[in-house]
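Report on the following structure.
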Amino acid sequence: MAVGRYVSDLDTGDVLGPVEYVLSPFVVREYAHANEMHHPFFQGLREGLVMPPTLIHLDKLRLYNHACPAGTGPDARIHYEYDCTVHEPVRVGARLSVGGRVTQRFTKRGRDMMIIEMELHDVANGRLLVSYRDTVLLAYAPKQVAKEAAAS
Amino acid sequence: MTNPRLPLPTGTEIRTAPRPMTRERMRWYVDAQPTIGADDGRIHTQPPTIHDDDAYARKNGLPGIIADGMISTNWIQGLLCDLFGEAVASRSRLRTKYIAPIYEDQIVIAAVRVTSVAHTMAGVTSYALDVWCEDDAGKMLTVGEALVHVA
């Protein structure tokens, strides 16, 4: 188990969170604006605002910050795959609980990869709102290339 | 709110207007992350990333900054919202895979193609779609699938 250090140290079986928070209008509007999604249900008045499903990806960073306060590690991560299922809409003002687990860490073509599976629940009733599966490369350069670069 | 273009028959293909992946667009996403994390109504920035700092990107083996993959996913999601409205945020699935880096000023077009349409007794129409982003030469950058249930 590598929780408590760098994200790059995480390993299969590591549990992240849960972390609770309240979804604010600012978060929904700001995320939608940054991604040019100018839909009224993302950027309108507070009543009726709903979470853009992709915002679940920033909950992964919330879990990283909670579980790995030392930061990313030596290399920048590269996102490889996003897989999100929305079971029910997530409304602004809801108290939410997000948790995750590292389900796989493996090497593919010389690169370390990691899969995290996450769930977002409504704290008030325990209902599952969003499921998310995230796959990342833990470094862009394959391990051998990185070793040679470090040695030169 | 449902887009008046519905219903969409199988085979329908829809694309966004071309958008250049400018340095600013990359930085908007970079800055959004700590800003949303802080959730205090003010903008926050973060240390250099491969999405906003060329030197840092080169140090990580890249030729220069590249876009965060979530931008292309969000552009696909935005197109789905244009078509299906709030249903995308209510009951849906979206899977995307980043098969090529998107570099500064590369032109990006998000696209969807309806692969099947199913109607349920409850009055829900389920659209399955192929989704992708390509550049202006037709090179695939991001690929995936979506499922949207429209009540």
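The figures follow:
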read-out: Relative contact order of chain B, defined on C-alpha pairs under 8 angstrom at six or more residues apart (%); value: 27 percent
read-out: Accessible surface buried once B binds A (1.4 Å probe; total of both sides; Å²); value: 3500 Å²
read-out: Counting all C-alpha pairs of chain A, share separated by more than 21 Å (%); value: 49 percent
read-out: Within the range B:62-81: backbone nitrogen closer than 16 Å to the B:Arg5 label point (7 Å, Cα to C-beta); value: B:75-81
read-out: At R0 = 22 Å, FRET efficiency that the Cβ-Cβ distance of B:Asp130 and A:Ser131 yields, to 0.05; value: 0.55
read-out: Mean accessible surface per residue for chain B, computed with a 1.4 Å probe while every protein chain stays in place, in Å²; value: 44 Å²
read-out: C-alpha long axis of helix B:69-84 to longest principal axis of chain B, angle in °; value: 30 degrees
read-out: For A:Val130, residues with placed amide H under 5 Å, excluding near neighbours; value: A:His87, A:Leu120
read-out: Residues of type aspartates and glutamates that A:Lys108 reaches as a straight line, Cα spacing below 18 Å, ignoring anything fewer than 8 places off in the same chain; value: A:Asp9, A:Asp11, A:Asp75, A:Glu81, A:Asp134
read-out: Carbon and sulfur %, accessible surface of the range B:1-131 computed with the full protein complex present, 1.4 Å; value: 54 percent
read-out: Whichever aspartates and glutamates have a C-alpha closer than 16 Å to that of B:Lys139, once near sequence neighbours (fewer than 8 apart) are set aside; value: B:Glu104, B:Asp105, B:Asp130
read-out: Normalised contact order of the range A:1-95, rounded percent, pairs of Cα under 8 Å and 6 or more residues apart; value: 42 percent
read-out: Members of the range B:28-49 that become less accessible by 40 Å² or more once partner protein chains are added (1.4 angstrom probe, chain alone as reference); value: B:Trp28, B:Tyr29, B:Gln33, B:Ile36, B:Asp39
read-out: Chain B: most fluctuating residue of B:Leu141, B:Leu129, B:Leu62 per GNM, C-alpha cutoff 10 Å; value: B:Leu62
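The values are calculated or read from the model by the stated rules, or taken from the named source; none is laboratory data. Here the structure is a predicted model, which means the values were calculated and not measured. Don't worry about glycine lacking a Cβ; one is built from the backbone with ideal geometry, like all the others, and counts go over all protein chains shown. Just the protein is used for accessible areas: all its heavy atoms, side chains included, with ligands, DNA and RNA removed. Shrake-Rupley method; radii C 1.70, N 1.55, O 1.52, S 1.80 Å.
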